[in-house]
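A short reminder: the numbers here are calculations on the coordinates, not readings from a lab. Owing to the predicted nature of the structure, the values given are computational and were not obtained by experimental measurement. Methodologically, a virtual Cβ is constructed for each residue, glycine included, from the backbone with ideal geometry; neighbour enumeration extends over all protein chains shown.
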Amino acid sequence: MKKTLLFALLFCITLGAKAQLLWKISGNGLDRPSYVIGTHHLAPLSIKDSIANLQQVIDQTEQVYGELVMEDATNPESVMKMQQAMVLPADTTLKSLYTKAQYDTIASVVKTYLGVDFALFDKLKPAAVTTQLALALAMKSLKGFNPQEQLDTWFQTQARQSGKKVGSLETIDMQVNVLYNSQTLARQALLLHCAATHIEQGIDQTLRMTSAYMKQDLDGLLSIIEEKMNNSCDSTPEEQEALIYGRNANWGRQLPDIMKQSSTLFVVGAGHLPGPKGLLKLLQNQGYRVEAMK
């Protein structure tokens, strides 16, 4: 009986350790701890009310670092860079990247979910249309989703209102390159076609990812992110490196100097935290003590 109770207790502790979004970083010469929290761009702001010790961490830390400074990302110069990166070369149109059957399939999906003719996007890169389609699916399938309310922006706004520094781990140029220049146009075209021909699967994955996040289940979230269809629609190792693992490694190199300067709350996408190449493991490998906040 005692062994059964002990096993149950250990199971609950282990499960609880994995089900957390906020983590404390200490040791390895740090005078004061820093923290990292995982966000999800489809999650409602209400999730913050269920994260243990979050307000205490916000009050104690001296600065907030995100992937980008959200205020800078929306200034006219940054918006222009993003818009320019989304445009196809002068000698290329979306229609030229597909067969008629492929084009018609995507056009039907765009009309259904975005309510406009695909021809209106003819000078946009396929990756830009894929982003618009994903947003439309999220708005249709996730009850209460509001794209104007983002956790990343909320954390930075709170920091500014308290007179704290807001910094970034990346520049707008870096994110523009990842989103619109890291894949060939042919590859972008294929992935847009994949999205259009797997709508129900995409909706299901979006719902499950958001559910895992709301449960603060990082391992579950990672498992969904890494799901494969075993065809050309799957992310290649190079794409995973560009979008996730390479960025994790870059952030891992930056964090030590930032944490030495001030106690910091790092706010990054939750998918960057778990796994053997995740930011939590990279910090542990550097000698830091990384603990889930309870």
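Which of G29, T39, I58 sits closest to the plus end of the dipole of the stretch 15-122, meaning its Cα is farthest towards the positive end, when Lys and Arg get +1 and Asp and Glu get -1 on the C-beta? My answer, from the dipole projection, is T39.
Only helical runs count toward this figure. For the chain, summing -39,500 (n - 2.57) over DSSP H runs of n ≥ 4 and dividing by all residues gives -15500 deg cm²/dmol at 222 nm.
Across the stretch 103-116, coupling constants 3J(HN,Hα) worked out from phi with the 6.51/-1.76/1.60 Karplus curve, θ = phi - 60°, read 4, 5, 4, 5, 4, 5, 5, 4, 5, 5, 9, 9, x, 9 Hz, and Gly and Pro carry x. Past the 18 Å Cα-Cα mark, which pairs from K24/K48; K215/K294; K140/K215; K24/K294; K48/K165? Result: K140/K215; K48/K165 exceed 18 Å.
Amide H contacts for V87 (H built 1.01 Å from N in the peptide plane; partners 5 or more residues away or on another chain; cut-off under 5 Å): K125. For the chain, the longest principal axis of the Cα atoms and the long axis of helix 76-86 meet at an angle of about 60 degrees. The GluC sites (Glu not before Pro) of the stretch 214-289 that meet both conditions, a loop assignment by DSSP and at most 14 other Cβ atoms within 10 Å of the site Cβ, are E226, E227.
Net length available on complete extension from Q201 to N231 is 9.4 nm, with 0.36 nm assigned per residue and the Cα-Cα distance removed. Rounded to the nearest 10 degrees, the angle from helix 151-161 to the longest Cα principal axis of the chain is 60 degrees. All other residues whose Cβ lies under 11 angstrom from that of Y35 are scored, Lys and Arg at +1 and Asp and Glu at -1, for a net of +1. What net charge is computed for the residues neighbouring D152, neighbours being all others with C-beta under 14 Å from the C-beta of D152, Lys and Arg scored +1, Asp and Glu -1? Neighbourhood net charge equals -3. The angle between the Cα long axis of helix 2-18 and the longest principal axis of the Cα atoms of the chain comes to about 50 degrees, rounded to the nearest 10.
List the aspartates and glutamates whose Cα sits under 12 Å from the Cα of K95, skipping any in the same chain fewer than 8 residues away. Once the sequence-local aspartates and glutamates are set aside, what remains near K95 is D104, D122.
Counting only DSSP beta bridges whose two residues both lie in the chain, roughly 40 percent are antiparallel.
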